Structure formats: C-alpha cells, structure tokens
Amino acid sequence: MLKAVRTAFALIAFLFALPAQASEAVDLLLVLAADVSRSVDQAKFQLQREGYAAALSNPHVLEAIRSGRNKRIAICLVEWSGAHSQKLLIDWTVIGDADAARRFGDHLIELPRTFADRTSISAAIDFSLALFEHAPYQSARRTIDVSGDGTNNMGRDVARARDEAVANGVTINGLVILSAQPLPWNPEHTNPPGGLDKYYRDNVIGGPGSFVMVAQDFASFGRALIGKLIAEIAQAPHPRLAAVPAAAR
C-alpha cells in the first residue's frame, strides 16, 4: 500500500514538472468587435455581416496574412451593444488560407443577430480585452478592431476603458460608419461635433500605430474593412499604405 502511494506521488510530481505545452504561434491576435446597437437597422446589420465575411476572404487580405512569419492569424468576433450586451459570436479561429476564411465567413452569415440595445463602446473594449487571456494561441501583437456608427452612450467612460487596454499591451483601431441622416431622437450620437471619426480618434483608439478608418455608409463598410484588415495584419505604419487595390474595389 505504501509503495503504491509513493508511486502515485512520484507520478504527480513528474506531471507537475513537465513544461506546459506551448500555444500555437500566430502573427496577430485580432478581436473583431461589431456594433449591433439599435441605430443599426436590419438592412445595415446585413451589410455589416456580409462585409466581414467578404473582407476576410479577400485575396489581398489573405496575401497580407501569408506575408507574416507564421503565415496565419487568430481572430474571434464579438457583437456588442449596451453595457451588458456583449457576445462572443465566433471563438478564436486560425485563419491561414482561403478555406479557413470562407468557413469563418459562412458561419458568421448563418448566425442570428444578438442585440439591438444602446451603445457601450467601453463595455465592448472591456469584454474584448478579457478574451486575450483565454486565447489558445500566442502572439506579441494583440489588437481590438472596433466598428461602430455612434458614440458611447452607456456604461463607463470609454477613454478609461481604452487606456486600460493600451496599458495591457493591446492596440485598439476603429472603423467608423458614417450616417448621412442624424438620429431624430439623438442626433449627436451618430453625428457628434467634429465628426464620428474625430470622436473615435479622441476617445476610442490607442496603442502603437493605432488608427481610424472611415466607411461612408454601411454599403461601403466591406471595402473599408478590407483596407483596415490589411493595415492591421501587415502592420502598415499608416492605413494609406494599405490602400485597397483597384481589383478589390
């Protein structure tokens, strides 16, 4: 009996002494955080979903992925709205080729909409930041990609959430979707003084090389997203260096 106990303890000690298995290395951990607040009607929502699916499969985006040292990135997609309305829609997934990108996009298109609440960019940042702790992949580069059509109008101060994420080594980039017509019940939500892109620059983005790109409307969201993904993946020093080639327009 004593011998069996000693053997068991020896086995446990051996297992604890084994080095932890290294996570798979990727060139970028990227959280795609999509705004589905109530200012995003069903038609806009559909254009946004289709834009994500098409952009990930774009050949220029895939070329940027293959240009990295590991030739793959890991992404997950979050939909968010109010202070308590965030959902991990698709968990961490490696994208390294066209088949993986297509499967991710096909899965996304099939999923139902999650929320239609107010707009808490701060809660979206907090939720996205926590996802890096559980990522089964490793990368020196961690980015949250926030897309939205309005200002933070619920939850804690968005600049504080941004600053905490940046202090944890995370870069936040923004893709603002402009609205030609302000919301009748809250015009400054989608059209704040100075423009929504200025609001994102002042309050949302942060970290080395962070930037804001602009989609003139939801119909052009997918094209803007292609340029943004190329800049993020290839780590271009400025999004203009990641201009979408004419063939992708």
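Give the long-range amide H neighbours of V78: residues separated by 5 or more places, or on another chain, with amide H under 5 Å away, using H modelled in the peptide plane at 1.01 Å from N.
L32, A33, A34, L89
At S220 and A159, where each label point lies 7 Å from the Cα along Cα→Cβ, what is the point-to-point distance in nanometres?
The answer from the label model is 2.9 nm.
In whole angstrom, and with the biggest value first, how far do the Cα coordinates of the stretch 23-248 range along each principal axis?
Cα spread of the stretch 23-248 along its principal axes, largest to smallest: 48, 38, 33 Å.
Antiparallel DSSP bridges in the stretch 23-248: what percent, to the nearest 5? Display every interim value, and only then the final one.
Numbers: 8 of 33 bridges.
Of all bridge pairs located within the stretch 23-248, approximately 25 percent are antiparallel.
For the stretch 42-49, just list the computed ³J(HN,Hα) in residue order, Karplus coefficients 6.51, -1.76 and 1.60, θ = phi - 60°, integers in Hz, with x standing in for Gly and Pro.
5, 5, 5, 4, 5, 4, 5, 4
Can you give the FRET efficiency to the nearest 0.05 for A167 and D202, using r as the Cβ-Cβ distance and R₀ = 22 Å? Mind showing how you got there, number by number?
Numbers: r = 18 Å, r/R0 = 0.82.
Efficiency at R0 = 22 Å is approximately 0.75.
Quick check on packing: order 165-173, 41-49 by the mean number of other C-beta atoms within 10 Å, highest mean leading.
The packing order, highest mean first, is 165-173, 41-49.
Given H placed on each backbone N at 1.01 Å, which residues far from V212 in sequence or on other chains put an amide H within less than 5 Å of it?
Placed amide hydrogens put G174 under 5 Å from V212.
Pull out the extension gain between H134 and V94, defined as 0.36 nm times the separation in residues minus the alpha carbon to alpha carbon distance; nm, one decimal.
The span from H134 to V94 would gain 13.0 nm if fully extended.
Using a cut-off of under 19 Å, list every residue of the stretch 113-145 whose amide N is near the label point 7 Å from the Cα of D41 along the Cα-to-beta-carbon line.
In the stretch 113-145, the label zone of D41 (backbone N under 19 Å from the point 7 Å along Cα→Cβ) covers 113-119.
FYI, it's all coordinate maths here, none of it is from the lab. The shown structure was predicted, so the numbers you read here are calculated from the model rather than taken from an experiment. Cβ: placed from backbone, ideal geometry, glycine included. Neighbour counts: every protein chain shown.
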